[in-house]
Structure formats: structure tokens, C-alpha cells
1. By what distance, in whole Å, do the Cα atoms of region 67-151 stretch along each of the three principal axes, largest value first?
2. Just to verify a number: FRET efficiency for residue 140 and residue 69, C-beta to C-beta distance, R0 = 30 Å, to 0.05?
């Protein structure tokens with residue numbers, strides 16, 4: 001989300017993002033979820049995760065193991081897949097803020113079960129995966145700027 005909003009010239013206020021979706025009359029916000037790489041220190045991540053948890057987000061930090069060759073091996077994709085399947089029991093339409101096409105397979109599977117996805121990202125600078133745009137409704141993050149940007 002940070003990469004997409006910065007490409008559009010603004011920072012996202014996560015409280016405003018939460019409130020924007022929570023107040024939409026035609027939608028019921030079940031539980032916002034935020035998954036983060038616990039190994040990153042960008043922007044005081046742990047302080048931000050605590051703030052999100054206190055603001056109603058379901059926060060998951062994903063830890064990584066490092067192989068001998070230096071590559072990171074984590075469970076973010078597995079966690080996301082598990083969470084999407086759990087949410088699919090109670091939701092017909094899921095909104096996902098991501099750029100990463102690695103999540104496309106679970107979305108494809110759940111679409112076969114009649115679930116609908118909307119991806120919030122940007123096409124600027126080729127940030128969002130083409131695969132995601134092909135399988136989900138696409139919402140350009142710049143269109144939400146007035147509702148979700150830091151003031």
C-alpha cells in the first residue's frame with residue numbers, strides 16, 4: 001500500500017482507510033487485517049502495528065527464517081491464504097490492498113466458489129501485478145485519496 005500511495009503522491013492514513021470502508025452502507029466491514037514483515041524496521045513498524053491493533057485491525061507479524069544462501073523463507077503467503085479462506089465463510093466480497101501477484105492463486109480459488117475480490121493499488125509505474133488486475137475488480141488508490149490520505 002505504501003508503494004502504491006507514494007507513487008500517487010500521498011501517504012495513507014490507516015485510521016481513515018479503516019473508517020472509509022467501515023462507513024460504506026452497502027458493505028459490512030468484518031475485520032480489517034494487516035500483515036507485515038516483522039523483519040523490517042521501516043517507519044517504526046512495531047509502533048505502527050500497535051496503533052493498528054488498538055484501532056481495530058487484526059495484526060499479524062510474519063517472521064522469516066534465513067537460508068544458508070541468504071534468501072528469506074516466510075509464511076506470509078500461507079497466512080494470507082488461511083485468512084482469506086476463513087473470511088470467505090462469512091464474506092461475499094473481499095477488499096485487498098496489495099500489489100503482489102503471489103496472492104492471485106487463492107483469489108482464483110475463492111472466485112470459483114463465487115467470492116468477489118477488489119484490489120486497491122495503482123497501475124502507475126507498473127506497481128500492481130497484471131495477474132491481480134485480471135482476476136479482481138480494480139480500484140485505483142488515487143481515487144480514494146480524498147478519503148484515506150494523511151491530512
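1. Cα extents, longest axis first: 45, 34, 25 Å.
2. 0.20
Every number in this text was worked out from the coordinates using simple rules, so none of it is lab data. This structure is a prediction, so every number in the text was calculated from the model and none was measured. Backbone-built Cβ (ideal geometry, glycine too); neighbour counts: all protein chains shown.
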